[in-house]
Amino acid sequence: MQEILIVNDVVRDEYARWHKELESDDAYESNQTVGLCDVLRAHFLIADFFYSENYGIGGVGPRDKNLLHSAIYRQFVAYGGVQKWKNDHERCATLVFGLVKDHPFHDANKRTALLTLLYFLNRMKRVPTARQKDLEDFIVDISEGSLGKYRRFQELAKEGEDAEIYFIAEYIRRNSRPMDNAHRSVTYHQLNHCLKVYGYILDNIKDGTIDVYREYETKGFLGFGRNKIKRDRVMPGIPFQKGWKAQVPKGLVTKIREATKLDVQHGVDSASFFDEVDPLHSLIAEYSHPLQRLAYR
């Protein structure tokens, strides 16, 4: 199971139960698609976020696993062996549409769809250019069947079927751009995971700050006795007011990588440093406000 930070005990146990039940059924993940376990992870991270923020949530987990399978399988629809959806934008669009309209979860379907859209873009190495409020409104438009108010949708509807999917795909393409690989949005928890790979760690929380240490092992006297783990403080007092799930300011990530010599100048590029970081945590932190508002829309 991919590392996932879930604080609430009930949400964590329910996630583990559903992941165990559905993991063997996940034949959907590929370089061009988002898998069942990805969507499941997104949903439960949202549930944990809302519980931790004392917002609550109407229910946790899938209400019908067949509906969940149906929504995710939309990416693979084919006729006569020919794939219906021709590019990543169309596959993202049909998945988001399915998650919003099929209501596979007890609650937070629109929120799960928005986070999945953001995650799919991340997999495509793209980032949104639309305002967060505009993305939020667009998800609501899909949910309420209000795409007809857009002129471009009206044009597509005259051309043939599946106007919703083609319009959503165009919207995603127009309102995103290639990712800047020099920077990556991460939470403190994710940053700590990256640092540990190279022998560094975040520790000593005090008065809204935390320190960066280098950890290393020393041998006993003359090679005898137990080895000991020692620490050297590399960077004291970095801001840490909002906890492990909060997003780390990009400028601060750069300073920490420079202080630990884990930057390009010392042979560690961004792809290597952020290898295998799950972007879902940082996307929730970055888009917390629209996710909160969608709970009441």
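Read-outs: derived from the displayed coordinates by stated rules, not from any lab. Note that the structure is predicted; figures quoted are calculated from it, not measured. Here the Cβ positions follow ideal geometry from the backbone for every residue, glycine too, while neighbour counts run over all protein chains shown.
What the table below lists for this structure:
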read-out: Lysines with Cα under 16 Å of K65, excluding same-chain neighbours fewer than 8 positions away; value: K20, K101
read-out: Overall form of the stretch 155-205 per C-alpha gyration tensor (a/c, 1.5; a/b vs b/c); value: prolate
read-out: The chain - mean residue ellipticity at 222 nm from DSSP helices (-39,500 (n - 2.57) per run, n ≥ 4, rounded to 500); value: -14500 deg cm²/dmol
read-out: Unit charges on C-beta of K, R, D, E only; dipole of the chain, Debye; value: 820 debye
read-out: Computed over the stretch 188-273: relative contact order in percent, which uses C-alpha pairs under 8 Å that are six or more apart; value: 24 percent
read-out: Positive-end residue, the stretch 85-138 charge dipole about Cα centroid, Cβ charges, pick of F138, H106, F120; value: F120
read-out: Part-to-part distance (alpha-carbon centres) for the stretch 35-71 and the stretch 112-154, which is given in Å; value: 19 Å
read-out: Segment K86-D13, length gained on full extension (0.36 nm per residue, minus Cα span); value: 22.5 nm
read-out: Dipole of the chain, positive end: most advanced residue of P178, F240, V11 [Cβ charges, Cα centre]; value: F240
read-out: Charge dipole (debye, nearest 20) of the stretch 245-294; +1 at Cβ of Lys and Arg, -1 at Cβ of Asp and Glu; value: 300 debye
read-out: Rounded to the nearest 20 debye, dipole of the stretch 67-116 from Cβ charges on Lys, Arg, Asp, Glu; value: 80 debye
read-out: Debye-sum result for the chain in log10 I(q)/I(0), which assumes one identical scatterer on each alpha carbon, at q = 0.10 Å⁻¹; value: -0.61
read-out: Most to least packed among 76-82, 114-120, 132-138 [average Cβ atoms within 10 Å]; value: 114-120, 132-138, 76-82
read-out: Likely footprinting exposure, E90, E215, fewest C-beta neighbours within 10 Å first; value: E215, E90
read-out: Ranked R151, R174, criterion: other C-beta atoms within 10 Å, fewest first; value: R151, R174
